[in-house]
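Please read the structure below before turning to the comments.
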C-alpha cells in the first residue's frame with residue numbers, strides 16, 4: 001500500500017471528538033488560507049488557553065492529510081506537549097510518530113504526520129536523519145516562544161501555522177510580525193466564559209511594594225531580586241494570610257519566580273499543617289508524575305511551582321491560582337491564570353490571588369485586548385506598561401488586618417498625603433503643613449482608640465509602616481528622597497507625634513467623646 005493510501009485510510013477514520021461552532025469557524029478560516037495564500041505562507045492563529053487549540057489543529061491535520069498529498073510536522077517546545085499532542089491526534093484517527101531523541105526513524109516513510117520537540121528536531125535535521133522534503137504543513141504549538149524560528153530555514157516551501165494564546169513574542173527583540181504574515185484572532189475569553197467554555201476569574205489583588213525588583217536582559221524581573229523580596233518572612237506571611245482568607249481548603253496552584261522561593265513557600269505551608277508539594281524543572285519524570293497524580297487526587301492540595309506548569313498542564317480541579325510573583329510578561333500572566341480556567345462540573349468561577357501587582361499592570365484577565373494591534377506594534381504595547389514606582393504611587397495605603405483591628409473605633413484611618421500637598425500648594429502654604437496635618441490625624445486615631453495617654457502612645461508605636469508610606473509619598477511630592485533625608489523625616493515624625501499626643505490628649509479626647517478623660 002502506498003504512503004498516500006496509508007494516510008487516507010487513517011484520516012478517514014471516524015473521530016469521537018465533537019467540535020464547537022467557534023472551533024469549526026476557525027478551521028474554515030485557516031483552510032481558506034490554505035487555498036488562497038502562497039504555499040510558503042506563515043499564518044498565526046490566536047485562541048485563549050482552554051479554548052481547544054490542540055483540538056483545532058488536530059482536526060486541521062486530519063482534514064489536511066485527507067485533501068493534500070503532503071506530510072505534516074507539528075513542533076512543540078516541551079516533551080510533555082509532544083505526548084499530549086500525539087494522544088490528541090490519535091483520538092482524531094491520525095496515526096503519527098513522535099520524533100524524540102530515542103526515536104527510530106527507519107520507518108518514517110510509513111508516516112504522514114510527525115510530532116517533535118524543537119531541540120530534538122533541530123538535531124535530527126542537522127544530522128539529516130529526518131526527510132522533510134514532502135512536508136507541506138508545519139504547525140507550531142505555543143508559537144510565541146522564539147526557539148522555533150531557527151528551524152524556519154528548513155521549511156522555506158512549507159505553509160507554517162503558528163498557534164498561541166498570546167501573539168506576543170517572548171523576546172521583545174524578535175517580534176512575531178517578523179516571522180508571520182498574518183494573525184487570525186479567535187474567540188475572546190469573555191465570549192468563552194459567557195458560553196460556559198471557560199470559568200470566570202475572581203481576583204483578589206494585594207497592593208505590593210515591588211520597587212526593589214530588578215529587570216533582567218530578557219525584559220522580566222530577575223530571579224535573584226524576586227527571591228530577595230519574596231523569601232522574607234513578611235512576604236511569606238502575607239502569602240499564607242491571603243491563602244487562609246480566600247482559598248483555605250481549596251485546591252491551589254502557586255506560581256513563584258525562583259526555586260528557593262518555592263521551597264520557602266513549601267516549608268511555610270507545611271509548618272502550618274497544610275497539604276503541599278513543591279515542583280520545579282529539576283524533578284525527574286517519575287517524581288513529576290507522582291506529584292501531579294497526588295495533586296489531582298487530593299481535594300485540598302496545594303502545589304507550589306516554578307514556571308514549569310505554565311504551559312501544557314491541564315488540571316480542571318484547580319480552584320485557586322496564586323501569583324506569588326511579579327512579571328512584566330503579558331504572555332506569562334495569561335498562561336498562569338489560564339491554568340485555573342478549565343470548566344469542571346459546577347465550577348463557573350475560580351479565584352486568582354495576585355501578590356505581584358500583575359492585575360494593576362495588565363488589567364483583568366479576559367479584558368478586551370486588541371491582539372491585532374499588539375501583533376503589529378508589540379513595542380507600542382510594551383512601552384505603555386506602567387513602571388512599578390508610578391504604579392505604586394496610585395495605591396491607597398491599607399493597614400494590615402491585625403493592625404487595623406487596633407484602630408477599630410475609627411471609621412476611616414486613611415490620610416491622603418498627595419491631596420493634602422496639592423491643596424496646601426494651591427493655598428500658598430508651606431509644604432511642611434502636610435506632615436503637620438498628618439501628625440494631627442495620626443494622633444487623633446490613637447486617642448480615639450485609647451483610654452489614656454499611655455494607651456495612645458503605645459498605639460503610635462504600631463504606626464511604623466503607615467508612617468513610612470506617608471513619608472515616601474511626601475518625599476515624592478517635594479522631589480527629595482535621599483536616604484538620609486527620609487531617615488531624618490521619619491525620626492522627626494515619630495518624635496513630633498509622641499509630643500503632640502502628650503500635649504493634646506485631653507483636648508482631643510474631649511472633642512471626640514464630649515467629655516474629658518478620667519483622671
>> Bins of 10 Å, beginning at zero and ending with the bin holding the largest distance: percent of Cα pairs per bin for the stretch 66-110, please.
In response: 23, 55, 22, 0
>> Tell me the angle of helix 53-67 to the major Cα principal axis of the chain, expressed in degrees between 0 and 90 and rounded to the nearest ten.
In response: 20 degrees
> the stretch 21-69: percent of C-alpha pairs farther apart than 17 Å?
Replying inline: 34 percent
>> Report the Cα centroid-to-centroid distance between the stretch 458-519 and the stretch 38-91 in angstrom, as an integer.
In response: 64 Å
> What are the radius of gyration and Dmax of the chain, computed over its Cα atoms and given in Å?
Replying inline: 28.8, 106
>> Under 10 °C and 1.306 mPa s, how fast does the stretch 19-120 diffuse according to Stokes-Einstein, given a Kirkwood radius computed over C-alpha pairs? Answer in µm²/s, whole number.
In response: 109 µm²/s
> Does the stretch 194-332 come out rounded, prolate or oblate, given a ≥ b ≥ c as the square roots of the eigenvalues of its C-alpha gyration tensor, rounded meaning a/c under 1.5 and, failing that, prolate meaning a/b above b/c?
Replying inline: rounded
>> Below 8 Å between Cα atoms, with a sequence gap of 6+, how large is the relative contact order for the stretch 192-373 in percent?
In response: 32 percent
>> Between the stretch 285-346 and the stretch 390-428, what is the separation of their alpha carbon centroids in Å?
In response: 36 Å
> Roughly how large, in nm² to one decimal, is the mean projection of the convex hull of the alpha-carbon atoms in the stretch 163-223?
Replying inline: 6.8 nm²
> Please state the relative contact order of the stretch 373-519 as a whole percent: Cα pairs under 8 Å, 6+ residues apart?
Replying inline: 23 percent
>> If I model the stretch 76-159 as equal point scatterers sitting on the Cα atoms and use the Debye formula, what is log10 I(q)/I(0) at q = 0.14, 0.21, 0.22, 0.25 Å⁻¹?
In response: -0.45, -1.10, -1.22, -1.60
> Ranked by Cβ crowding within 10 angstrom, fewest neighbours first, how are 509, 483 ordered?
Replying inline: 483, 509
>> Using square roots of five times the C-alpha gyration tensor eigenvalues, list the equivalent-ellipsoid semi-axes of the stretch 102-249 in whole Å, biggest first.
In response: 40, 22, 17
>> For the chain, what does the relative contact order come out to in percent, with C-alpha contacts under 8 Å and a separation of six or more?
In response: 13 percent
> Which stretch or stretches of the stretch 62-102 have amide N atoms under 19 Å from the point lying 7 Å from residue 131's Cα along the Cα→Cβ direction?
Replying inline: 65, 68-74, 95-100
> Where does helix 417-426 land angle-wise versus the long Cα axis of the chain, in degrees 0 to 90, nearest 10?
Replying inline: 60 degrees
> At q = 0.13, 0.14, 0.16 Å⁻¹, what log₁₀ I(q)/I(0) does a Debye calculation on the Cα points of the stretch 3-187 give, no solvent, two decimals?
Replying inline: -0.61, -0.72, -0.97
> What per residue convex hull volume, in Å³, do the alpha-carbon atoms of the stretch 401-513 yield?
Replying inline: 108 Å³
>> Restricting to Cα atoms and excluding each atom paired with itself, what does the Kirkwood estimate give for the stretch 336-453 in Å?
In response: 19.1 Å
>> Between helix 79-91 and the chain, what is the angle of the helix's C-alpha long axis to the longest principal axis, kept within 0 to 90° and rounded to the nearest 10?
In response: 50 degrees
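Every number here is computed from the coordinates shown, using simple stated rules; none is lab data. What you are looking at is a predicted structure, and each value in this text was computed from that prediction instead of being measured. Cβ sites come from the backbone with ideal geometry, for glycine too, and all protein chains shown count toward neighbours.
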